[in-house]
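The values are calculated or read from the model by the stated rules, or taken from the named source; none is laboratory data. This structure is a prediction, so every number in the text was calculated from the model and none was measured. FYI the Cβ positions are ideal-geometry reconstructions off the backbone, even for glycines, and counts take in every protein chain you see.
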Amino acid sequence: MKNPAPYLRQRPDSYWEIVWTDSESGKQRRKATGTKDPAEAEKKLQDFDPSADANASTGAPRLRRRKDGYWETVWTEAGHPRRKSHGTKDETEAEAAHDLFVKELARPEIPARPTVAWIVDRYYDYVCREKSENTSGPMAANVGPLKEHLGHLHWDDVVQDTVDDYIEWRMEKPRWTAHQKKDGQYGTTSRNTACKDLRVLRAALARARKNRYTSYPPDFSIVEGDPVRDTKAWLTMEELERMIAACEPRPIVANGKEIDRERNREHIEGFLLIALATGARKEAILSLTWDQVYIPEAVLKHVVEVEPEPVLSPDGEWVMPKRATRRTYENPPLDYETGGVAKGAYIDFGAGSGNKRRPQIPIGQNWRLVSYLLHADRSQPYVITFNGKPVKSLKKGLAEVAKEAGVTKPVSHHTMKRTAITHMVRAGIPFNIIAEAVNTTEEVLKKHYSMHRPDIEAALGDVLSIR
């Protein structure tokens, strides 16, 4: 009589194997444990699940050890058994190779003439898998309209007329709820939003060409609309000083009465100081943790005994300490006598994603930022926090601070990066040094910031002026 419960059996080669009866077919099955140790075999028997190993009888890919000790994947395809050796005797390496091979087998069959929906879905899966959530999350709003209007078309049906028609169709669609007007009506989508959808489509078709899903790359142009805001705005040092001053704690006034607590804008002040000193992007600053901030510690030079003086105790009474010492430190982070800052302090923004690179930026030249970092609350892992929680966006807070400070320019997260780079260029710092400091390519800097170079202004002089 066959034993329905899994049990151990030792083979003639001294290896142990698990034997059980398949509940569906009634046939006896076995699985090698790959060990001669009874205790290790017993542990594998306890972890063994017959239902999870049912793929052995259904033809699904499974990992198997050959008699020569090498591992291979076996499966059934079109009624015929197939197998693929992984060229290793190590079980861990074989499991990793097996998982990768199973994913390759599970890939959907490539259509002879893929549709736009199929290509966009493949591209969006790639973005969700390889890029950060900050990239893949907002892209969902672009993928939906593309599939709705162009999804049924084949990839080679996308021509310039198709793109122009999509822009007209998209601009008639209502905007999302956050842009609802005061009278309860929704506005229509802007041309720039439609163009953003088409840039996603172009990227999807370009990747499809690299994967040989299509026979040629996308060939259409995208005519952008007018910018909805000033994308070249930058702040002067005087404007920045006013914004930082507006972050100071002040009593909260509601309905003409002061509330018994102060407003907290310390997180906005920290963002402004870090962004100005480093030129880093919003995501890099808001995800910054304290272990990425390095400030050299002061070295104790000597300790001198001094005459004790009366001090005020926590109870409000004057007491005389038994002894007192004066400590002298070498290379302090901040020298309050000379106003110097210790060299070597830097912020490591970690690894970025895609072309959004993140550098290690020195901050030892910035007294105010180093002072802020030394005295900030380090009870939380993130540098920029509000009420003990990490901050996702400062869009509303920056706008309020700018308004209170009397700054009429549009102020966003990226305005601070443009401000930092602009001041570097206007100070005459070469583009190659700025590129290393903010980890932006020299070509991009020359394209967007050459108008601020003082050497060009000095070279032209008044040659082109009319007197």
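Exactly one condition in (1) closer than 30 Å to Glu133 by Cα; (2) in contact with a strand residue (DSSP E or B) (Cβ under 8 Å, 6 or more places away or on another chain) is not met by Leu374; state its number.
(1)
Okay, residues lined up against (1) touching a Leu at 6+ places or on another chain (Cβ under 8 Å); (2) outside the structural domain of Ala194 (by TED's automatic domain parsing); (3) modelled with pLDDT under 85:
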site: Asn142; (1), (2), (3): no, no, no
site: Trp155; (1), (2), (3): yes, no, no
site: Asp164; (1), (2), (3): no, no, no
site: Thr177; (1), (2), (3): no, no, yes
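Name the residue, out of Thr92, Thr135, that is part of a helix (DSSP H, G or I), among the hydroxyl-bearing types (Ser, Thr, Tyr) and exposed (fewer than 13 other Cβ atoms within 10 Å of the Cβ).
Thr92
Given the options Glu400, Glu337, name the one that is modelled with pLDDT of 85 or more and either assigned to a helix (DSSP H, G or I) or exposed (fewer than 13 other Cβ atoms within 10 Å of the Cβ) (or both).
Glu400 is the lone residue from the list that is modelled with pLDDT of 85 or more and either assigned to a helix (DSSP H, G or I) or exposed (fewer than 13 other Cβ atoms within 10 Å of the Cβ) (or both).
Out of region 403-431, which residues are part of a helix (DSSP H, G or I), over 26 Å from the mean Cα position of the chain (by Cα) and surrounded by fewer than 17 Cβ atoms within 10 Å (Cβ to Cβ)?
If the condition is that a residue be part of a helix (DSSP H, G or I), over 26 Å from the mean Cα position of the chain (by Cα) and surrounded by fewer than 17 Cβ atoms within 10 Å (Cβ to Cβ), then Lys403, Glu404, Arg426 are the ones that fit.
Condition check: in contact with a Gly (Cβ under 7 Å, 6 or more places away or on another chain) and modelled with pLDDT of 90 or more. Does Val116 satisfy that? Spell out how you get there, then give the answer.
Numbers: in contact with a Gly (Cβ under 7 Å, 6 or more places away or on another chain): yes; modelled with pLDDT of 90 or more: yes.
Taking the combined requirement at face value, the residue satisfies it.
Would you confirm whether or not region 349-361 contains a residue that is over 23 Å from Asn264 (Cβ atoms) and modelled with pLDDT of 80 or more?
Yes, some residue in region 349-361 is over 23 Å from Asn264 (Cβ atoms) and modelled with pLDDT of 80 or more.
Look through region 360-397, keep the residues that are among the hydroxyl-bearing types (Ser, Thr, Tyr) and assigned to a strand (DSSP E or B), and return whichever of them is surrounded by the most Cβ atoms within 10 Å (Cβ to Cβ).
Top of the filtered list is Thr385.
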